[in-house]
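Coordinate-derived values only; no laboratory data. Nothing here was measured: the structure is a model prediction, and the numbers come from that model. Neighbour counts are summed over all protein chains in view; Cβ atoms, including those assigned to glycine, are modelled from backbone coordinates with ideal geometry.
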Amino acid sequence: MELTPHVQEKLHAGHKLTAVVEAGLVQDFIKNTRVVALIEVASTHVKQGGEQALLIFQTARVPVHSAIDLSIEQVIAVDTNLKCEIDTSSLDVDTDVLVNITSGKVRLLFEMPFSQRTNAFVSEILRAAEVVSKRRGPPPEFAWLQPYQKSSTSSQDPASPGSAPTTADTLDGLGGDAVSLGDVSVDICQNLSSTYPDPANCNTENSSVHTENERSPDLGVNRHSIATGLSPTPIAARESHIRYQMAMREDAYTDIQEFTVFVGTWNVNGRSPTVGLAEWLAVDAEPPDVYAIGFQELDLNTEAFLFNNSPKEQEWLNAVLNGIHPKTKYRKVRLVRLVGMMLIVLVQEKHLAYVRNCAIDTVGTGIMNKMGNKGAVSVRLDLHNTSICFVNAHLAAHQEELERRNEDHDCIFQRTCFHLNITSNSPPKTIKDHEHIYFLGDMNYRINPCDMNIREVASSGEFKLLLQHEQLTQQKNAKRIFHKFKEGNILFKPTFKYDVDSDEWDSSEKARQPAWCDRILWYGDSITQLEYRSHPQLQISDHKPVSAIFMAGIKVVDTRRYRRIYEEVMKKLDKLENEFLPQVTIDTTEIILEPVKFYQSQTKYLTIANTGQVPVQFEFIKKLNDVTYCKPWLSIRPYSNFITPGEKCDVSLEVLVDKQTAAQLNSGVDQLYDILVLHLEGGKDLFITITGDYERSCFGSSINALVHMNKPFRDVPVAKLIDLESKQPKELSEMPYAVPKELWYLVDHLHSHGLQVKGLFTHPGLQKEIFEIRTCLDEGVEHQVLPGSVHSVAEALLLFIEALPEPVIPYSLYQAALDATPNFSLCKEVINKLPDYHRNVFEYLMAFLKELLNHAEDNTLDANTLAHVFGSVLIRESSAVAGSSDRRNQNQAIERKKQTFVHHFLMND
Amino acid sequence: MAQRGGAQRPSGGGQGKICQFKLVLLGESAVGKSSLVLRFVKGQFHEYQESTIGAAFLTQTVCLDDTTVKFEIWDTAGQERYHSLAPMYYRGAQAAIVVYDITNQDTFGRAKTWVKELQRQASPNIVIALAGNKADLANKRMVEYEEAQTYAEENSLLFMETSAKTAMNVNDIFLAIAKKLPKSDNNARSCWMLQVITFKTGETM
């Protein structure tokens, strides 16, 4: 199936299709087919080229036949929020892989085949995401996606929940912040205002809540628009789905509990902690639940700079531990230091058990973009069910180095990467992967020169005026940095630069202007800042420490509810799994045959109807210890097949008792009875019983048994037949025939009517006549006349000889007979070794054949032909040996030997 | 995390183990094998349950404290003529429920034969449960509880009287089996770790 041209047709001019795949979108345990395309806009259409987006199409037909089948369901811009993860935790590489595409609140889970194409597609998305992450300047606007968004909404019922197109930017984190103005999501919101009941809300604090409610709780797709006739298929990788479903239901089993988080930052200018830190760390009445304390310029020694080795680390850690709130006990979660940057995360002892998956990372952005005098140190952790990241940064210094600071900021976001080693296959996390992010540190942003006396205003407390010229605030408002982050109102004096051990502005020659270098920003829902302040009492550095207190809503798992929901998910999965098991109905489980006659086939039919929801692969399977799936007298066609839901398959069961199977049935070793096991792949088994009566026949009976039957075969009681076929019969006739009477009838008939018939034994008989001859022989021949033509009688004779369970030359003498062929006297020796009645039969037949040759002028037979025809039926190899391959190669030689054997007796005797 | 341990601590570092087991139901025709499964899996009961001709297959999950047990249930045909096919289903099974009807002494005798066959031919570690079904028909009881219990004890079988009709002990017998099954990787058909958060105690503050 080639999707590319159809998808191409759906694109607007100037937009290029990068990659496309067909995938199963998992919705509520079911997957439905979607076509996912990665498209790119040509660089001429936007200011900065390379903007890309994912289009998700619903399809009316699978496979897709034309562009008409496709309708756009969702448009997801590839921006910094887009994440694409492959779930590789499934042990089985044969199953589909799960591809998780998330963008803000939108989570789409796709099952894609484990293939080259999938691999290429995911690589393209990751590449596109990387391109975006490396971009500089304001975030892309994605205005070129508007036509797609319109088409995706117009095709859907605007009233149905979840029909709202989802854009990359899902409006979360917009609340009230100036950042949201001109934001991508807002643009789109306005463009689509017709579909929103109250578009005005888009720019308000409620917007995120509002749109969330608009979206269906699952995946934001209206289910009734799924094209009919496309049967959904059950999901494959169960464990991944449990994880996914549990993540989707997180709200239902977690409670938001308020935790207080203390975040502090201080550039200590290389000083040692000669003062207590309580005035910074323990000024509040109640102890915080979590402390994140960041330092910069902890150590200015070259030793620290070059070897990242500092005695100050322990000094300051001790100072922190002595300075934190005395009311309760804390435990250190992590300490991370890079040269002068150090971050310490502590939690109250009682919370430690609920802190998991801690990881740290450091990024140096100093000289050569790697030295650790500038950069960031970070700690990430999960507190209960909320992921939290603390970043302590020290950005480039100096008034004029604004762009360097911006670049350091970008670099920290790009390069910080946490490797969680809980399972080797969980992808590393970046700063942006966290629900709560606290970004603290000496950002070094200054106040731009203006017509005010900065020192005077800074001292006066008229901060609002100064903040208009503050670089960080300006850059953030311009969306250059800290996109979507928030900062509280600054109500404290600039924290830089003071004369050490005083509250006086820098009196040195350099006379640095005051600046709010030391800042704390945050990202995430359910975080409220309670305090944002500096602590000028601490005077040992040229910076003043800053701290902020946050009230953070942490998701705490309620075990009872978690368990209940987990069980619900399991139940639902079970239910689905059971519903999607292959189901068939068969029209009968008992097949009763009409009486079965030798060599006369009978066919019965079984109808298998797929009454389930999934395609069925059925197969008749072997029972334990059986070699084949049915008895040799039965053949099943097809014995294995594929049925789509609602379809049927007729299976023919043909019963044929031939020369190979007749003897077993005659002797009672086998019966016309079999239980067939019809197995549905991945599902149940059905048993089908097949029963019938076999009308025993002289065909397939042994010479030794037949010579003791002096009544028509049909008149001999079954018990006696079985007895005669046994190894040591109890009831032998006192007057056995020399040869079976049936043989005599056949030969006599040919002798009387066929000696002069041209083509005897080479001209085929009629099957119908052969059946009549068989019945006549079994029921008793009247007036010594057999029905049918001589050719039919001739064929019946050959069939009779071939159906003998023990050939005329018994299996035990088979090899001896072949070995004797070079020499007639050896052949005669073999004949002398035959059991009496077998020898009688052989000699009787040879006499008859010689008689035929006496009339060769009329019947045009020759010794070679007769020897060949009779050799192959008189001398037979037991079927157990005949199968091996090297035998088959010698087949021609063997046939020639058989012919030679008989030929001797026709010509030399 | 796991190494921290302690009563107030999360268990297993947020790992939940799922183990899959094959379970087979055996017993005389019409003792209620399919009804037990239907009750267990779907919570339903049909007064006139069709006779099973074949081996029905369903799955059901049981959540234990530390692990999740997923049963692949094979409900076999009870009619004698299908007896020879039973090994196909109990072969490789980690658990079996041998069912009899408490109102029919013959079915109890047949159940004992099944137990014997399992002990001889099934996997040596198979967990066998004996279910005296139709316990709701106590007034027609022909098999005494004590008799069956004694037999079960002698043969180290789990034993419960059950009623698919009233649901009595149905979940319980499967749960008891789930608990008794060894959860190591080499015992189950497959085991995998599920990375979800499980806390033994949720009280934190």
At what distance in nm do the modelled label points of B:A138 and A:T644 sit from each other, each positioned 7 Å from its Cα along Cα→Cβ?
-> 5.6 nm
Given +1 on the Cβ of Lys and Arg, -1 on the Cβ of Asp and Glu, and no further charges, what dipole in debye does the stretch A:425-495 carry about its Cα centre, rounded to the nearest 20?
-> 240 debye
For the stretch A:405-541, size of Cβ-based charge dipole, Lys and Arg +1, Asp and Glu -1, in debye = 540 debye
First measure r as the distance between the Cβ atoms of B:E146 and A:Q815, then evaluate 1/(1 + (r/R0)^6) with R0 = 56 Å and state the FRET efficiency to the nearest 0.05.
-> 0.25
Treating only the Cβ atoms of Lys and Arg (+1) and Asp and Glu (-1) as charged, compute the dipole magnitude of chain A about its Cα centre; round to the nearest 20 debye.
-> 1360 debye
Would you list the P(r) distribution for chain A, with all Cα-Cα distances sorted into 10 Å bins from 0 and each bin expressed as a whole %?
-> 2, 10, 15, 14, 11, 8, 7, 7, 7, 7, 6, 4, 2, 1, 0
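Averaged over peptide B:81-94, how many Cβ atoms belonging to another chain are found within 10 Å of each residue's Cβ?
2
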By how many nm would the segment from A:E258 to A:E567 grow when fully extended, if each residue of separation counts as 0.36 nm and the alpha-carbon distance is taken off?
-> 108.4 nm
So in chain A, what percent of DSSP beta bridges are antiparallel if you round to the nearest 5?
-> 85 percent
Two pseudo-spin positions, 7 Å from Cα along C-beta at B:Y48 and at A:L352, lie apart in nanometres by 6.9 nm
Summing Lys, Arg as +1 and Asp, Glu as -1, what charge do residues with Cβ under 12 Å from the Cβ of A:T691 carry, A:T691 excluded?
-> -1
By average C-beta atoms within 10 angstrom, highest first, the peptides A:496-509, B:104-117, A:371-384 | A:371-384, B:104-117, A:496-509
Averaged over residues of B:58-65, the number of beta carbons from other chains lying within 10 Å of each residue's Cβ is 5
Relative contact order of chain A (C-alpha contacts under 8 Å, at least 6 apart) in percent is 7 percent
Value of [θ]222 nm, deg cm²/dmol, for chain A, DSSP H segments ≥ 4, -39500 (n - 2.57) each, nearest 500 | -9000 deg cm²/dmol
Dividing the surface of the Cα convex hull of the stretch A:584-695 by four yields a projected area in nm² of 6.7 nm²
Please give the peptides A:259-267, A:540-548, A:812-820 ranked by average Cβ packing (other Cβ atoms within 10 Å per residue), highest first, as a rough proxy for protection.
-> A:259-267, A:540-548, A:812-820
Let me know the shape class of the stretch A:256-559, please: from the alpha-carbon gyration tensor, a ≥ b ≥ c as square roots of the eigenvalues, rounded when a/c is under 1.5, otherwise prolate if a/b is greater than b/c, or oblate.
-> rounded
Of A:N710, A:A738, A:S697, which is farthest along the charge dipole of the stretch A:645-773 in the positive direction, counting Lys and Arg as +1 and Asp and Glu as -1 at C-beta?
-> A:A738
Consider a paramagnetic label point 7 Å from the Cα of A:V283 along Cα→Cβ; state which residues of the stretch A:445-461 have an amide N under 20 Å from it.
-> A:458-461
So which of A:K105/A:K134; A:K105/A:K476; A:K332/A:K484; A:K105/A:K464; A:K374/A:K464 end up more than 26 Å apart, counting from Cα to Cα?
-> A:K332/A:K484; A:K105/A:K464; A:K374/A:K464
Separation in nanometres of the label points that stand 7 Å from Cα toward Cβ, at A:N309 and A:I367 = 1.9 nm
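What are the semi-axes of the equivalent ellipsoid of the stretch A:737-907, taken as the square roots of 5 times the eigenvalues of the Cα gyration tensor, listed largest first and rounded to whole Å?
26, 18, 16
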For A:V41, the net charge from surrounding residues (Cβ-Cβ under 10 Å; K, R +1; D, E -1) works out to -1
